[in-house]
Amino acid sequence: MSMNTQGRPTDVGEAETSYRPKTFTGNRGLDMEEPLIFEFGHFDTMGVDLDEPEDFAPELGSHARAAELELPGLAEPEAMRHYVRLSRNNYAIDSGLYPLGSCTMKHNPRLNEKMARLPGFGDIHPLQPLSTVQGAVELIDDLARWLMVSTGTSAVAMSPKAGAHGELCGMMAIKAAHKAADRNPTMVLVPESAHGTNPATAALLGYKVVSIDAKDDGTVDLASVKATIAEHAGNVAAIMLTNPNTCGLFEREIIEIADAVHAADAYFYCDGANFNAIVGKARPGDLGVDAMHINLHKTFSTPHGGGGPGSGPVVLSERLAPFAPLPFIRKTDDGPVLVETEADTIEGEQPFGRMTAFHGQMGMFVRALAYMMSHGSDGLKQASEDAVLNANYVRVGLQDLMSLPFGERPCMHEVLFDDSFLKDTGVTTLDFAKAMIDEGYHPMTMYFPLVVHGAMLIEPTESESRAALDLFIATMRDLVMSAQRKETDRFSGAPYLAPRRRLDETTAARKPVLKWTPPAPAEVTPAAAE
Ligand SMILES: *Cc1c(COP(=O)(O)O)cnc(C)c1O
């Protein structure tokens, strides 16, 4: 296998020959091989022509830079191409179906982008005088109202910057509420099927995580919840539960679970990442939820970005509302007032502190509200119905060939398969997912939730047309039949057609190489290169 100077493979190995020729440039057709900017930029190149400064005497004294900065420079067209080529290596919801379960990879309407770029929203600064940003404050308040109405709750903390950050915020409010009541429970109940951020959040706050079993049908075991609460009487702070759960199933006993938790003076934290399945259909507040984060970047179509910025506002029940973090907006007869410090609070307001320096992700607030207003409440409800319909369409299209761990019954907005259909084929869940890449699909979520062996969680979202779903189903069927015919080559070395082959993800995670080091001079002389 040939490597570039960074040790990255530039060909796709032996199996490639049957697919595509090796090329002189390392490019594959219009799929360009792109080096790091450090590999081809020059310290003395600049994208702009500036005259040498005359008689310039910096006033930095001993702090003045003594050596070259050594940043690689590119001419403007080179810089343009570099970033465009890199962007083409990115798979995105704008390039194709992105069935990543639990992530709600839905279309991000361009209208939202247009609104977020309006100068009155896009160009403001969080330290600007309040009198100059009244519109922005009102927008935050409007969005808060949409969130409270759709969830049936009394308050909302807008500042958390992701779902996991929202979990932390909600659990800190719960901790503050216990403290205010002179209680100090030490345990948090978390079902087996929970997202990893749930136990991590509880542990971060010093709680002991107690795992709750799932029943054979994939839902949380109410008897196990009750027994665990009884066993640790008075010592349970909260339950953290996802509904619909991570198996794509609605927790039918949720009200009984909430009642059992409340009877023990504990709180019900709901992981709201799957809210897309129930918007306009069920209000978490009516189900007994005390706190729930909403991933605006999932349910309300704001972009997920490359790890951020997300936005995870947390809705709170009446019991938790007083503990909402700073800053928050207080309703008065004279309009909304922004409360930014402890000193500004009044009787009944006991914020536990603050989660972020300022007010949260303003750009995401604008996008989410634009999405809500352009859909209207009826449109939001229809989006949820279509998301559930699409997931069931995929389920029915595949269930005769792929295995459903909990039987052929309706799912919510995502469908969970396990790997028993791959038994004795020699193909693993990972191989199967990698072969999907060759077919032009981002794989589904794999190996999550942990309650199912070889989990494959597919969430098509409401964005996909019937034609797109039909092609996806046909592709999946072709792959399954190929695996069952034991055409293992198609899987074991996949992806063959991606810019990169299968990576050593374990080493990448354990020994990440985060810094570029220039190759030793000997390696770049023409003689050595031959
Ligand atoms: C996405 C997700 C989270 C975490 O949300 P982030 O915004 O990624 O921090 C938590 N729980 C579930 C079930 C999720 O799908």
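The values are calculated or read from the model by the stated rules, or taken from the named source; none is laboratory data. From a predicted model like this one, the values you see are computed outputs, not experimental measurements. Just the protein is used for accessible areas: all its heavy atoms, side chains included, with ligands, DNA and RNA removed. Shrake-Rupley method; radii C 1.70, N 1.55, O 1.52, S 1.80 Å.
Data overview
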| quantity | calculated |
| --- | --- |
| Long-range tail of P(r) for segment 70-226 (Cα pairs > 27 Å, %) | 54 percent |
| Tail beyond 25 Å, pair distance distribution of segment 190-306 (Cα, percent) | 19 percent |
| Segment 372-496: Cα Rg divided by the 2.2 N^0.38 Å rule of thumb | 1.11 |
| Sequence of ILE254, ILE37 from largest to smallest accessible area, 1.4 Å probe | ILE37, ILE254 |
| Alpha-carbon spread of segment 443-509, three principal axes, descending order, Å | 39, 28, 27 |
| Surface/4 estimate of mean projected area, convex hull on alpha-carbon atoms of segment 153-360, nm² | 12.0 nm² |
| Accessible surface, per residue, of the chain when the full set of protein chains is kept, probe 1.4 Å, Å² | 51 Å² |
| Amide H contacts of ILE212 (H built 1.01 Å from N, under 5 Å, at least 5 apart or other chain) | VAL190, GLU192 |
| Radius of gyration and Dmax over the Cα atoms of the chain, both given in Å | 26.5, 81 |
| With every protein chain in place, the chain: carbon and sulfur % of accessible area (1.4 Å) | 56 percent |
| Long pairs among LYS161/LYS423; LYS179/LYS215; LYS175/LYS298; LYS106/LYS281; LYS208/LYS423; LYS114/LYS511, criterion Cα-Cα beyond 30 Å | LYS161/LYS423; LYS179/LYS215; LYS208/LYS423; LYS114/LYS511 |
| DSSP beta bridge pairing in segment 188-340, given as percent antiparallel to the nearest 5 | 40 percent |
| Length-normalised contact order for the chain - Cα pairs under 8 Å, 6+ apart - percent | 17 percent |
| Cα-based Rg of segment 320-419 normalised by 2.2 N^0.38 Å, two decimals | 1.72 |
